[in-house]
């Protein structure tokens, strides 16, 4: 990405529905330049803006899965997982025999209880319940904007929550596919004026939580890794909160299991990953490198309450 594209992406990380005019005003660009940059990035797949659920509203029993698969069958299983609405993230780990995924539904869900165990290509399944989300992908920032620019583009804090009805859920389902859809593009769900009021209401309540899914390789970040740590229970909150604020971390989860804390990390190269790992103050850590990100913050179908 060129410098303008990187700055525009950085603005959309703060508010994925921000218009070209507003971004241009804050970044000192022309609205046409911003609109063209967004159009280019979306057209070639380097940027997709989606709406994702807030962990504070509940993720219906989120599970962190590690699935070992017979060699040669990994892409098939990964694509099948990615096609499911109850699976948010799918990564194929380096080595090609393991898949990492975040799924909804809990241990009673059919995916963990029936679908994966009955698949002959799956040789091992480890399912960890997500106990707490310290940070997720929506909170990761490029760090390319000034403090003043960040403050100007950050939406106000959410107000009182709302109870969703059928129209709210339909709108959120559409925004989960493309969070930049405007009221005029959503008027099949209700009259445009009604849609506009509902979107304003949902946004004010913090229900429209956007994620700018960007091709991080285009930002010079060539290594995506998962670090699975074993942390003493008394230090879990401290370590989790610290990693959640780390500029290289794009997700931090406390889970059940022997490895009770997972951090997803973006690095420029393996040397940066090494520096990150040796800086960890934990008893043990397993590091896995992502070979291919199959699905990132896909359509969740989870904002039901």
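Being modelled with pLDDT under 95 and either closer than 18 Å to residue 175 by Cα or more than 14 Å from the chain's Cα centre (by Cα) (or both): is that true of residue 37 here? Before you say what the answer is, go through the steps one by one.
Details: modelled with pLDDT under 95: no; either closer than 18 Å to residue 175 by Cα or more than 14 Å from the chain's Cα centre (by Cα) (or both): yes.
Considered against the rule, which asks whether it is modelled with pLDDT under 95 and either closer than 18 Å to residue 175 by Cα or more than 14 Å from the chain's Cα centre (by Cα) (or both), residue 37 comes out as no.
Looking only at segment 84-93, residues that are more than 23 Å from residue 261 (Cα to Cα) and touching a strand residue (DSSP E or B) at 6+ places or on another chain (Cβ under 9 Å) come to 1 in all.
Scanning segment 195-230 for residues that are in a helix (DSSP H, G or I) and either touching a residue at least 12 places away in the same chain (Cβ under 8 Å) or buried (at least 21 other Cβ atoms within 10 Å of the Cβ) (or both) yields 195, 196, 198, 199, 201, 202, 203, 204, 216, 218, 219. Filtering segment 14-31 to residues that are under 25 Å from residue 52 (Cβ atoms), out of contact with any strand residue (DSSP E or B) (no Cβ under 8 Å at 6 or more places or on another chain) and not in a helix (DSSP H, G or I) leaves 18, 19. Contact map, segment 87-99: residues that are on the phi > 0 side of the Ramachandran plot and in contact (Cβ under 8 Å) with a residue 40 or more places away in the chain paired with residues that are assigned to a strand (DSSP E or B) and surrounded by fewer than 24 Cβ atoms within 10 Å (Cβ to Cβ), Cβ distance under 9 Å, separation 6+ or inter-chain. Pairs shown: 95/288; 95/289; 95/291; 96/69; 96/291. Keeping to segment 171-194, report how many residues are out of contact with any strand residue (DSSP E or B) (no Cβ under 8 Å at 6 or more places or on another chain) and in a loop (DSSP other than H, G, I, E, B). The total comes to 8. Residues in segment 254-269 that are closer than 14 Å to residue 63 by Cβ and not in a loop (DSSP other than H, G, I, E, B): 254, 255, 262.
It is to be established whether one or more residues within segment 32-54 are outside any helix (DSSP H, G or I), more than 24 Å from residue 136 (Cβ to Cβ) and touching a helix residue (DSSP H, G or I) at 6+ places or on another chain (Cβ under 9 Å). Don't jump to the end; show me each part of the working.
Taking segment 32-54 and keeping what is outside any helix (DSSP H, G or I), we get 44-54.
Now drop any that are not more than 24 Å from residue 136 (Cβ to Cβ), which leaves 44.
From the residues that got through so far, the ones that are touching a helix residue (DSSP H, G or I) at 6+ places or on another chain (Cβ under 9 Å) too are none.
Within segment 32-54, none of the residues are outside any helix (DSSP H, G or I), more than 24 Å from residue 136 (Cβ to Cβ) and touching a helix residue (DSSP H, G or I) at 6+ places or on another chain (Cβ under 9 Å).
Taking residue 251, is it outside any loop (DSSP other than H, G, I, E, B), over 30 Å from residue 174 (Cα atoms) and either touching a helix residue (DSSP H, G or I) at 6+ places or on another chain (Cβ under 8 Å) or without any contact (Cβ under 8 Å) to a residue 24 or more places away in the chain (or both)? So residue 251 does not fit the description; no.
Only residues that are surrounded by 16 or more Cβ atoms within 10 Å (Cβ to Cβ) and in a loop (DSSP other than H, G, I, E, B) were counted in segment 61-93, giving 5. Please work out if residue 240 is under 23 Å from residue 92 (Cα atoms) and touching a strand residue (DSSP E or B) at 6+ places or on another chain (Cβ under 9 Å). No; evaluated as a whole, the condition is false for this residue.
Suppose we filter segment 133-162 for residues that are part of a helix (DSSP H, G or I) and on the phi > 0 side of the Ramachandran plot; how many remain?
0
Within segment 10-31, none of the residues are modelled with pLDDT under 90 and in contact with a helix residue (DSSP H, G or I) (Cβ under 9 Å, 6 or more places away or on another chain). If you check 190, 179 for being more than 22 Å from residue 48 (Cα to Cα) and either surrounded by 18 or more Cβ atoms within 10 Å (Cβ to Cβ) or more than 22 Å from the chain's Cα centre (by Cα) (or both), only one passes: 190.
Based on this model, can you work out whether residue 283 counts as touching a strand residue (DSSP E or B) at 6+ places or on another chain (Cβ under 9 Å) and exposed (fewer than 14 other Cβ atoms within 10 Å of the Cβ)?
Details: touching a strand residue (DSSP E or B) at 6+ places or on another chain (Cβ under 9 Å): yes; exposed (fewer than 14 other Cβ atoms within 10 Å of the Cβ): yes.
Considered against the rule, which asks whether it is touching a strand residue (DSSP E or B) at 6+ places or on another chain (Cβ under 9 Å) and exposed (fewer than 14 other Cβ atoms within 10 Å of the Cβ), residue 283 comes out as yes.
The values are calculated or read from the model by the stated rules, or taken from the named source; none is laboratory data. Just so you know, these numbers come straight off a predicted model, no measurement behind them. So basically every Cβ, Gly included, is an ideal-geometry build from the backbone, and we count neighbours across all protein chains shown.
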